[in-house]
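All remarks here apply to the structure that follows.
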Amino acid sequence: MKVSRRMVDRQLRFRGMLLSRLVQKSTEAKFIQSMQNSKKQMDKTFKGKNAEGLECSKVWVSRKDASKIRVRIYKPLRLENEVPGVLWIHGGGYAQGVPEMSGKMYKKLIETSACIIVAPDYRLSIDAPYPAAFDDCYEVMVWMKTHAKELGIRDSQLMVGGESAGGGLTAALTLYARDKGEVNIAFQMPLYPMIDDRMLTDSARENNAHVWNSDTNRWAWKLYLGELFGKEVPAYAAAARAADYRSLPPTVTFVGDIEPFRDETIQYVENLKQAGVPVDFEIYKGAYHGFDIIHPKAEISKAATGFLMSSFKYATEHHFAEQKDGKAE
């Protein structure tokens, strides 16, 4: 899908063009190098930074091999009763990012409806391919369930969300949680999710949009999948490959109409609806990947954020999933 300048929302054009110069590269080797450089910069800029107006802390969750996952916890300053717990998974093409960079999202969620955010610093694809990030996020999700009471979380309202790669991990985790039966998820928020490595849709092919295009998408999938790239990829790595969408949690998502993930998101939503899963979904005209984060004050971004928060507010009031006998029911 070829994207012209006129197709981009007017308020989004300038920032999209600037960010494209930073993110988009001419070769795969340069892309990988930029992801490695980005990791160092992200650590320097965001790691350890607290979100103003929230109670912020850090814990370490053990992996099966006894190594540790760094996890940030965000709570309202005043908390009287148990509230929903949200596992929020940061984006970054599976290759970059830290949980602290989503501080504004945490604050909006908590201001919309009192909740506790659990944000894992999962392993990035430039250090370890699939299933490293997936395993880390699942370990933290199980930890959130087993430590719900001490965290102040209502265990009947465990939720999960994230943007881009975080949305892809969200969709994969809800599939696995359903199949495994250890955790019952009440609601999911996979925003413009990165879920299809095959790149066969119109929007994924030859897409030259700002920020994230077909080249960066392909190279990011190669990093994440490692030796699996181009082979038989499991749905827990690329959720669009799932064959059964029944019994997944109620969902909210949105996507821009000029970005590579448009068509795979539309198909994912359709699959959920056909399986009887309640879905709130919007497409934003003229929006490239991550537009709401890149230019949050643009009218289109404010509309998307308002839509998300409205759906989240409804979920905290209406969607519950009880945990029984250590198993999801």
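Assorted remarks:
- Which listed residue, of M1, M17, is part of a helix (DSSP H, G or I) and of a type in the set (A, V, I, L, M, F, W, C): M17
- Restricting region 61-102 to residues that are assigned to a strand (DSSP E or B) and among the small types (G, A, S) leaves a set whose member that is nearest to the chain's Cα centre (by Cα) is G85.
- Test: residue in region 253-261 that is over 30 Å from K30 (Cβ atoms) and either at pLDDT 95 or above or not hydrophobic (A, V, I, L, M, F, W, C) (or both): yes
- Considering only residues in region 173-208 that are of a type in the set (A, V, I, L, M, F, W, C) and farther than 18 Å from P250 by Cα, the one that is surrounded by the fewest Cβ atoms within 10 Å (Cβ to Cβ) turns out to be L200.
- Selection of helices (runs of 4 or more DSSP H) fully inside region 257-329 by the criterion of at least 3 residues being small (G, A, S) returns 299-318.
- Cβ pairs under 6 Å, 6+ apart, first in region 50-73 and touching a residue at least 40 places away in the same chain (Cβ under 8 Å), second of a type in the set (S, T, N, Q): I73/S57
- For I116: the one exception among (1) over 14 Å from L151 (Cβ atoms); (2) of a type in the set (V, I, T); (3) without any contact (Cβ under 8 Å) to a residue 60 or more places away in the chain: (1)
- Condition check for M105: buried (at least 24 other Cβ atoms within 10 Å of the Cβ), touching a Gly at 6+ places or on another chain (Cβ under 9 Å) and not in a loop (DSSP other than H, G, I, E, B): yes
- Qualifying residue in region 62-75 (condition: surrounded by fewer than 19 Cβ atoms within 10 Å (Cβ to Cβ), out of contact with any helix residue (DSSP H, G or I) (no Cβ under 9 Å at 6 or more places or on another chain), modelled with pLDDT under 95 and among the hydrophobic types (A, V, I, L, M, F, W, C)): yes
- One residue stands out among those in region 128-174 that are assigned to a loop (DSSP other than H, G, I, E, B) and free of Cβ contacts under 8 Å to residues at least 24 places away in the same chain: the one that is nearest to R241 (Cα to Cα), which is A128.
- Test for A220: is it buried (at least 23 other Cβ atoms within 10 Å of the Cβ), touching a residue at least 12 places away in the same chain (Cβ under 8 Å) and assigned to a helix (DSSP H, G or I): yes
- Of all residues in region 1-12, those that are closer than 21 Å to R205 by Cβ have Cβ atoms under 6 Å from Cβ atoms of residues that are in a loop (DSSP other than H, G, I, E, B) and among the hydrophobic types (A, V, I, L, M, F, W, C), 6 or more apart or on another chain, in V3/A209; V3/I258; M7/I258.
- Qualifying position, being surrounded by 22 or more Cβ atoms within 10 Å (Cβ to Cβ), under 16 Å from V160 (Cα atoms) and either β-branched (V, I, T) or over 16 Å from the mean Cα position of the chain (by Cα) (or both), among V279, V252: V252
- Pick from region 121-151, criterion buried (at least 21 other Cβ atoms within 10 Å of the Cβ) and among the small types (G, A, S), ranking: nearest to L79 (Cα to Cα): A133
The values are calculated or read from the model by the stated rules, or taken from the named source; none is laboratory data. Being a predicted model, the structure only gives us computed values, none of them experimental. Virtual Cβ from ideal backbone geometry, glycine too; neighbours counted across all protein chains shown.
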